[in-house]
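Undergrad: I have a structure here, written as structure tokens, and I will follow up with some questions on it.
Here, each number is a calculation from the coordinates, and none is a lab measurement. No experiment lies behind these values; they were computed from the predicted model shown. With ideal geometry, Cβ positions are generated from the backbone for all residues, glycine too; neighbour counts draw on all protein chains shown.
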Amino acid sequence: LALISNVDAEPAPNAAADNEAVNLSSVHQAKGLEFHTVFVIWLTDGMFPSSRSLEMRDAIEEERRLFYVAITRARDELYLSYPHMRLNAGFGDVFQRPSRFLKEIPNELLEDWEVKRS
């Protein structure tokens, strides 16, 4: 998800009065904010951390700091998700490796869920 202009990042009119709203945000835009529930999506190596950062130690550390920002935005509920497979143009379905950052979270803090197609 990419927000393509500053208008996308501005609060909607009457946003404070609407408790039923869903906020879509980049991790950078969420710095300093806190939400009741946070979903961090697409947590696979190559996406988070990005493929551009996988070969550079400093870049991986910056991505790790961003991951910390993302997971500490949740006040009550945090959902971390990643696909097992994705469609890659020209290659078909490609298996995905969960983000290396997920392994750094103690197992006792995690509850595994799996959603399958019926």
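Undergrad: In nanometres, what is the gap between the two model label sites at Leu110 and Phe35, each 7 Å from Cα along Cα-to-Cβ?
TA: In this crude label model, Leu110 to Phe35 measures out at 2.2 nm.
Undergrad: Let me ask something else about it. For Met47 paired with Arg65, estimate the spin-label separation in nm (one decimal), with each label point 7 Å from Cα along the Cα-to-Cβ line.
TA: Rounded to a tenth, the inter-label distance reads 2.5 nm.
Undergrad: Would you mind telling me the antiparallel percentage of the DSSP bridges in the range 15-118, rounded to 5? The partial results should precede the final answer.
TA: Numbers: 6 of 12 bridges.
Of the beta bridges lying entirely in the range 15-118, close to 50 percent run antiparallel.
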